[in-house]
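A short reminder: the numbers here are calculations on the coordinates, not readings from a lab. Remember, predicted model here, so these are calculated numbers, not experimental data. Positions of Cβ are backbone-derived with ideal geometry, glycine not excepted, and every protein chain shown enters the neighbour counts.
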């Protein structure tokens, strides 16, 4: 029953998405649609797993959901980024000992305009790096994470080969404003 209600909510959000004209509103709606889909998938996999005793062959992919705990949440504020034609690479640093945390405790949810990296139980805290409005679109299915020594590499597959001049939509707007202000006006 709950899955049916979630699917109804998802359909209504899709209808709203078709009506939306602002890019930020579209991104918000897409994020909620993707979250609802993950809830449906989880409910369906629970039903399948409870009806069969065979172990699941699914692995905890980079898109596994956050695991809520009662540990304090530390926002990851230190990161660097680089890019190639195909990927934007985000280096979440200062995560001392992250390579020793079980891989199930590290997850990253991707959508077309953002990601949410979550590390559970590292040095007695949960850690999160979330960017909701990236500079450009990404391909969530081809984006991934790699755990390195004291660092997590988030590899965002670009939807186009466009050069990013920043990490976020805010960076994009600043660049566009600077270009507009530096362009001489005729009159």
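Structure data summary
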{"item": "Rounded FRET efficiency, nearest 0.05, which uses the C-beta distance separating residue 21 from residue 163 and R0 of 30 Å", "result": "0.65"}
{"item": "Simple label model, 7 Å out from Cα along Cβ direction - residue 11 to residue 85, nm", "result": "4.4"}
{"item": "Projected label distance in nm at residue 130 and residue 178, using a 7 Å step from Cα toward the beta-carbon", "result": "2.9"}
{"item": "Sequence of 172, 113 once ranked by neighbouring C-beta atoms within 10 Å, starting from the fewest", "result": "172, 113"}
{"item": "Label-reachable residues, region 120-162, where backbone N falls under 11 Å from a point 7 Å from residue 74's Cα toward its Cβ", "result": "121-128"}
{"item": "Taking 158, 177, 70 and counting other C-beta atoms within 10 Å, the order from fewest to most", "result": "70, 177, 158"}
{"item": "Average Cα contact separation per residue, region 73-169, under 8 Å, 6 or more apart, as relative contact order %", "result": "33"}
{"item": "Rg ratio (alpha-carbon, reference 2.2 N^0.38 Å) - region 73-169", "result": "1.03"}
